[in-house]
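This report refers to the structure that appears directly beneath it.
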Amino acid sequence: MTRILVVDDEPQILRALRINLRARGYDVEVADSGTAALKAAAGHPPDLVVLDLGLPDLDGTEVIRGLRGWTSVPIIVLSGRAGSEDKVAALDAGADDYVTKPFGVDELLARIRAVTRRLAGSPADAGGPGSAAVQRIGRHTVDLADRVVTRDDGVEVKLTPTQWSMLEKLLRHPGKLVSQRQLLHEVWGPEYHNETNYLRQYMAQLRRKLEDDPARPRHLITEPGMGYRYRP
């Protein structure tokens with residue numbers, strides 16, 4: 001059973017989400033502050049976190065960074081902040097998705113299902129003719145079968161589920177252009193066809209983790225206005 005930690009300081013939202021998620025077969029724990037959320041996640045690690053940014057003690061982005069210090073658990077931000085700067089800050093801190101309040105429960109459930117699929121992987125990611133399970137990016141070895149990235153000095157590089165999904169789409173098609181629309185559709189879903197800022201943020205994160213010089217990438221290449229390409 002998928003275990004979800006819901007973090008929000010509004011009792012009505014916590015109650016509504018707890019009831020709706022449990023009715024659909026999820027195991028739910030709730031927290032009404034950033035400190036309580038970090039303590040709950042450390043004590044009993046969840047499979048997914050739904051997180052409000054406007055918490056009474058810590059800003060939600062601080063909670064994201066705190067979680068990302070030790071776990072790659074998927075994080076869906078749930079916030080009344082609709083500005084693009086807030087979205088970028090949350091995604092850059094390590095969130096996997098962003099839902100703006102007010103929201104429909106059906107929309108949130110769809111986002112949860114999408115993130116869960118990314119975590120589990122999909123049959124389409126199993127590879128195809130000519131795909132290799134192990135690829136190299138600079139000083140890193142990427143094992144797509146075991147989902148492990150290792151530096152040449154033996155240190156493992158942690159990727160979030162969404163970072164993995166985006167990287168896999170590129171590495172499964174070495175040398176080929178993968179369009180923006182294709183990446184958005186396959187990683188986030190068809191309703192995200194205009195969210196090109198997601199691609200920019202996640203590509204920047206991958207380059208910081210994998211490229212020797214993120215400002216001058218040699219392997220994770222942007223094709224302006226078209227998409228991205230993995231250059232072996």
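The values are calculated or read from the model by the stated rules, or taken from the named source; none is laboratory data. Quick caveat: nothing in here was measured; it's all calculated off a predicted structure. Cβ coordinates were reconstructed from backbone atoms using ideal geometry, including for glycine residues, and neighbour counts include every protein chain displayed. SASA here: full protein model, heavy atoms, side chains in, ligands and nucleic acids out. Shrake-Rupley method; radii C 1.70, N 1.55, O 1.52, S 1.80 Å.
A few notes on this one:
- Residue that is modelled with the highest pLDDT [pool: residues in segment 187-204 that are closer than 17 Å to Leu159 by Cα and open to solvent by 10 Å² or more (accessible area, probe 1.4 Å)]: Ala204
- Ala37 vs. criteria over 22 Å from Trp164 (Cα atoms) and in a loop (DSSP other than H, G, I, E, B): no
- Qualifying residue in segment 146-158 (condition: closer than 23 Å to Lys87 by Cβ and within 18 Å of the chain's Cα centre (by Cα)): yes
- Residue under evaluation Ile76, criteria (1) at pLDDT below 90; (2) surrounded by 16 or more Cβ atoms within 10 Å (Cβ to Cβ), criterion not met: (1)
- Summed over segment 3-33, residues that are touching a Gly at 6+ places or on another chain (Cβ under 9 Å) and over 18 Å from Gly60 (Cα atoms) total 0.
- Where strands (runs of 3 or more DSSP E) fall entirely within segment 82-186, none has at least 2 residues that are under 21 Å from Lys209 (Cα atoms), modelled with pLDDT of 80 or more and of a type in the set (Asp, Glu).
- Residue count for segment 140-158 satisfying the condition of being in contact with a strand residue (DSSP E or B) (Cβ under 6 Å, 6 or more places away or on another chain) and open to solvent by 10 Å² or more (accessible area, probe 1.4 Å): 6.
- The one condition in (1) open to solvent by 50 Å² or more (accessible area, probe 1.4 Å); (2) touching a strand residue (DSSP E or B) at 6+ places or on another chain (Cβ under 7 Å) that Glu62 fails to fulfil: (2)
- Filter result (out of contact with any Lys or Arg (no Cβ under 8 Å at 6 or more places or on another chain), part of a loop (DSSP other than H, G, I, E, B) and open to solvent by less than 60 Å² (accessible area, probe 1.4 Å)) within segment 24-34: Gly25, Ser33
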